[in-house]
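Undergrad: One structure is given below, represented as structure tokens, and several questions about it will come after.
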Amino acid sequence: MLLSKNSALESKDNEIFEVEESIAIQSELIKTMTTMVNSKAYVNERNQMVPEARCRKQANYHVEQNNKIVDEELSDWESKFFEVDMDDLHELFMAANYLEIESLLNGVTKRVGDFIKACKNVEVIRQTFGINNDFAAQQEEEIRKLNSWNHI
Amino acid sequence: MEITRILPDECQSLIISLTSPADACRSAIVSHAFKAVAYSDAVWEKFLPSDYRSILSGSSSSSSLLSLGKKDVYFHLCFHPILIQNGTMSFQLKKESGKKCYMLGARALSSIWGDTPSYWTWKSLPESRFSEVAELKVVWWLKVKGMIDIRILSSNTNYAAYLVFKLRNRRTIGFRHRAVGFHINVGGITSTEVRRVSLDPSQNETQHVREREDRWMEVEMGEFFNEFGGDGTVQFSLREVDTSYSKQGLIIEGIELRPKDTGS
């Protein structure tokens, strides 16, 4: 009976997570490091890394759950997972970006896109994302006019 | 999160490309940095249909259009239908969604007595997008058909077909307060949609005919849903084969296919 290989991953704040290797390699970064470091099949491997703190846990959790749930439940679970505020999304993004986990990145970008879609007007976008308006009044007016859309 | 400072440009473009053309235009007003992303080619390439280049290559305006930024291509295609297929069809995009709209010109349709000069004539009208429209001189058995390959339409979309026409002010016979039949077949399944509508209804009848922005009239022939991966053709026809009365004076610009919101 084959034991599934587990990777032990250490985060920057010294927490150790043990994950199935098949899940761990969903991160392109981990995959590359594993290929470089290991050449034989061990039941436990130890990879040293320095990723960001809490992000790690969330990333793992996501990936792990991803593999357990069937499709219909998955999309429900995913929408709940991403129903977080902008700061948490920021952390998730940083984790996904650093670890190069495509599915997580896609989930975050889609969620941010949903935020934008939900903004009824420009001012709400600015507030939600904390962006300063650096247009002069006249410039802004000009863009609104040139904008080929009717309802902004 | 101050999105424009934290996320790399490609990520911001990806985010905006997951929204909609209207949201992208709204985002352009937010700030200088956001405008640059919102108007970027990376975003508008995603809003354009994936096969837009090959569609444009079938048109005479392709080289000048393809040199524009993708956002400009998008809006040009929304507001200026381009002629394709040797000028017998036109193509444009629906602004809100980037979904494809086609109009089959009269030359792309077939009529039972089509090429017989005594029944139909071909005319050039300045208000037409095509070089020629068909005018009905007189028939008793009226049948006009068109068809389109379903694969060129946007998938997962509800489409409606519209007869685009005019009736001559005088010398129009056989349409006043009388109905014609519309049939739509999808993929060879016999008449999934049949309706009878008058092209020239009386005041108290429900008005299905409306005037378009290009000053032609249109009436909905029927609708169908184009599933993902659909195959085959959609066929539409206009029929009025009661030979007890003649029909005259119908001018056909074409049949337009465009997305329709379900339930509207």
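Undergrad: Chains B and A: buried accessible surface, both sides, probe 1.4 Å, rounded to 100 Å²? Write down the numbers at each step before the final one.
TA: Values: alone 13830 and 10800 Å², together 21710 Å².
Accessible area lost upon association: around 2900 Å².
Undergrad: Also, I was wondering about something else. Roll a 1.4 angstrom probe over the protein heavy atoms and tell me the percent of accessible area of the stretch B:151-264 that is carbon or sulfur. Before the final figure, lay out the partial values.
TA: Working: 2540 of 5890 Å².
Percent of accessible area from carbon and sulfur atoms in the stretch B:151-264: 43.
Undergrad: Let me ask another. At 1.4 Å probe radius, can you tell me the per residue accessible area of the stretch B:99-240 in Å²?
TA: On the way: 7440 Å² over 142 residues.
In whole numbers, the stretch B:99-240 has 52 Å² accessible per residue.
Undergrad: Run the 1.4 Å probe and let me know the accessible area of B:Cys11, rounded to the nearest 10 Å².
TA: Near enough 10 Å² of accessible area.
Undergrad: Which shape class, rounded, prolate or oblate, goes with the stretch B:208-264 when its Cα gyration tensor gives a ≥ b ≥ c as root eigenvalues, a/c under 1.5 marks rounded, and past that a/b bigger than b/c marks prolate? It would help to have the intermediate numbers written out before the result.
TA: Details: a/c = 2.38, a/b = 1.47, b/c = 1.62.
Oblate.
Undergrad: Next question. So, in nm, how far is label A:Ser103 from label B:Ser67 when the simple model puts each one 7 Å beyond its Cα toward the Cβ?
TA: Reported label-point gap for A:Ser103 and B:Ser67 is 4.7 nm.
Undergrad: Return the calculated 222 nm mean residue ellipticity for chain B, to the nearest 500 deg cm²/dmol, obtained by summing -39500 (n - 2.57) across DSSP H runs with n ≥ 4 and dividing by the residue count.
TA: -5000 deg cm²/dmol
Undergrad: Next question, about the same structure. In nm, what is the difference between 0.36 nm times the number of residues separating B:Arg178 and B:Gln203 and their Cα-Cα distance?
TA: Details: separation 25, 0.36 × 25 = 9.00 nm, distance 1.29 nm.
Answer, rounded to one decimal: 7.7 nm.
Undergrad: Just checking the output field for A:112-123: average partner chain Cβ neighbours within 10 Å of each residue's Cβ? Show your work: numbers first, answer last.
TA: Details: counts 10, 8, 3, 3, 12, 6, 2, 5, 1, 2, 7, 2.
Counting other chains' Cβ atoms within 10 Å and averaging over A:112-123 gives 5.
Undergrad: With every protein chain in place, what's the accessible area of A:Glu102 (1.4 Å probe, Å², nearest 10)?
TA: Accessible surface of A:Glu102 is approximately 130 Å².
Undergrad: If you take each beta carbon of peptide B:66-78 and count the beta carbons of other chains within 10 angstrom, what is the mean?
TA: Values: counts 0, 0, 0, 0, 0, 1, 1, 0, 1, 3, 1, 0, 1.
Across the residues of B:66-78, the mean count of other-chain Cβ atoms within 10 Å is 1.
Undergrad: Taking 0.36 nm per intervening residue step and subtracting the Cα-Cα distance, what contour gain separates B:Arg212 from B:Trp122 on full extension? Present the calculation step by step, with values, prior to reporting the outcome.
TA: Numbers: separation 90, 0.36 × 90 = 32.40 nm, distance 2.20 nm.
Computed gain between B:Arg212 and B:Trp122 is 30.2 nm.
Undergrad: Over the stretch B:34-102, what number does the Rg to Rh ratio reach, with both radii from the alpha-carbon atoms and Rh per Kirkwood?
TA: On the way: Rg = 11.8 Å, Rh = 12.2 Å.
Reported Rg/Rh (Cα atoms, Kirkwood Rh): 0.97.
Undergrad: Where does each of B:Arg53, B:Arg258 land when they are ordered by accessible area, with a 1.4 Å probe and the largest first? Intermediate values should be presented prior to the final figure.
TA: Working: B:Arg53 115, B:Arg258 50 Å².
Highest to lowest solvent-accessible surface, that is B:Arg53, B:Arg258.
Undergrad: Ordered by packing density, taken as the mean number of other Cβ atoms within 10 Å over each peptide's residues, highest first, how do B:163-171, B:246-254 rank? Numbers along the way, then the final one.
TA: Values: B:163-171: 16.7, B:246-254: 22.0.
Going by the mean number of other Cβ atoms within 10 Å, highest first, we get B:246-254, B:163-171.
Undergrad: Another question about this same structure. Does any residue of the stretch B:25-52 lose at least 50 Å² of accessible area with all protein chains in place compared with its chain alone, and if so which ones (probe 1.4 Å)?
TA: Those are B:Arg26, B:Ile29, B:Val30, B:His32, which lose 50 Å² or more relative to the chain on its own.
Undergrad: Taking R0 as 56 Å, what FRET efficiency do you get between B:Asn86 and A:Ala118 from their Cβ-Cβ distance, rounded to the nearest 0.05? It would help to have the intermediate numbers written out before the result.
TA: On the way: r = 45 Å, r/R0 = 0.81.
Once the sixth-power term is evaluated, E becomes 0.80.
The values are calculated or read from the model by the stated rules, or taken from the named source; none is laboratory data. Every value quoted in this text rests on a predicted model; they were computed, and no experiment measured them. Backbone-built Cβ (ideal geometry, glycine too); neighbour counts: all protein chains shown. Side chains are part of the model used for accessible areas, which takes the heavy atoms of the whole protein and leaves out ligands, DNA and RNA. Shrake-Rupley method; radii C 1.70, N 1.55, O 1.52, S 1.80 Å.
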